[in-house]
Amino acid sequence: AAHEEDIAPLANEALQRGHQVTGIVRNADKLQACGGLTAKQCDLADEKKLAGVIKGSDAVIVSVRHDLNDVRHVYTACMSAGVKRVLVVGGAASLEVAPGLMLIDTPGFPEQIKVQATPAVEALKQIRLEKDLEWSFVSPSIFIAPGERTGKFRIGGDQLLKDEKGDSKISQEDFAIAIMDEIEKPKHIRKRFTVGY
């Protein structure tokens with residue numbers, strides 16, 4: 001099951017691998033059901049309904065705007081539904097650019113992005129206190145956009161990844177590969193990881 005703002009790249013990757021996907025969205029019109037993909041309309045805050053939707057799922061992937069959603073509702077719903085595995089997508093702002101220094105705390109970090117990024121940083125702090133779920137938290141590189149599915153990327157921990165030119169970027173398609181790899185063969189249980197070129 002996945003609750004996403006933009007579900008397409010991840011759903012496509014999961015479907016290509018033969019998974020059954022339940023796409024959970026606020027507006028069902030945003031998601032076209034197809035073979036292997038079922039669209040369900042549900043608000044995250046409706047924990048009882050959400051638990052019913054995700055019951056029987058092997059894993060839940062949460063990719064939402066953290067400034068508009070409290071993802072702790074998902075954890076409660078998962079525990080009610082008996083779903084242990086949860087992967088939360090956050091932003092790059094909580095990644096470290098130097099020991100103990102998060103990107104969001106660097107001089108010149110844009111104020112308009114900080115409004116959206118601060119709740120995602122808080123979500124990482126909150127999930128690190130979660131003891132009952134088998135959670136992972138994944139941060140993309142600074143720049144993530146539709147692009148090519150190359151399958152060639154690096155996985156990191158809490159530190160921001162940059163390429164040889166000093167750019168921090170990843171395509172949505174390669175980010176989806178990394179997420180599905182983690183779902184299929186978990187390597188970051190109760191850990192955060194990042195993806196970049």
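Being open to solvent by less than 10 Å² (accessible area, probe 1.4 Å), within 27 Å of Asp158 (Cβ to Cβ), touching a helix residue (DSSP H, G or I) at 6+ places or on another chain (Cβ under 6 Å) and not in a strand (DSSP E or B) holds for only one residue in Leu50, Leu44, and it is Leu44. Any residue in the range 81-94 that is in a strand (DSSP E or B), more than 13 Å from the chain's Cα centre (by Cα) and not small (Gly, Ala, Ser)? No: the range 81-94 contains no residue that is in a strand (DSSP E or B), more than 13 Å from the chain's Cα centre (by Cα) and not small (Gly, Ala, Ser). Taking the listed residues Lys131, Lys169, Lys165, the one that is basic (Lys, Arg) and crowded, with 16+ Cβ neighbours inside 10 Å is Lys169, with no other qualifying. Take Gly156 and tell me if it is loosely packed, with under 13 Cβ neighbours inside 10 Å, among the small types (Gly, Ala, Ser), out of contact with any Pro (no Cβ under 8 Å at 6 or more places or on another chain) and modelled with pLDDT of 95 or more. So Gly156 fails the test.
Within the range 81-125, the set of residues being β-branched (Val, Ile, Thr), open to solvent by less than 20 Å² (accessible area, probe 1.4 Å) and under 27 Å from Asp46 (Cβ atoms) comprises Val83, Val86, Val88, Val89, Val121. When residues in the range 148-167 are screened for being of a type outside the set (Lys, Arg) and closer than 21 Å to Ser136 by Cα, 9 of them pass. Assuming Cys78 fulfils every condition listed in (1) under 23 Å from Lys187 (Cα atoms); (2) part of a helix (DSSP H, G or I); (3) open to solvent by 10 Å² or more (accessible area, probe 1.4 Å) apart from one, which condition is it? Against the list (1) under 23 Å from Lys187 (Cα atoms); (2) part of a helix (DSSP H, G or I); (3) open to solvent by 10 Å² or more (accessible area, probe 1.4 Å), Cys78 comes up short only on (3).
The values are calculated or read from the model by the stated rules, or taken from the named source; none is laboratory data. In this text, all values refer to a predicted model and were calculated from it rather than measured experimentally. Positions of Cβ are backbone-derived with ideal geometry, glycine not excepted, and every protein chain shown enters the neighbour counts. Remember, those area values only see protein heavy atoms, side chains included, never the ligands or the DNA or RNA. Shrake-Rupley method; radii C 1.70, N 1.55, O 1.52, S 1.80 Å.
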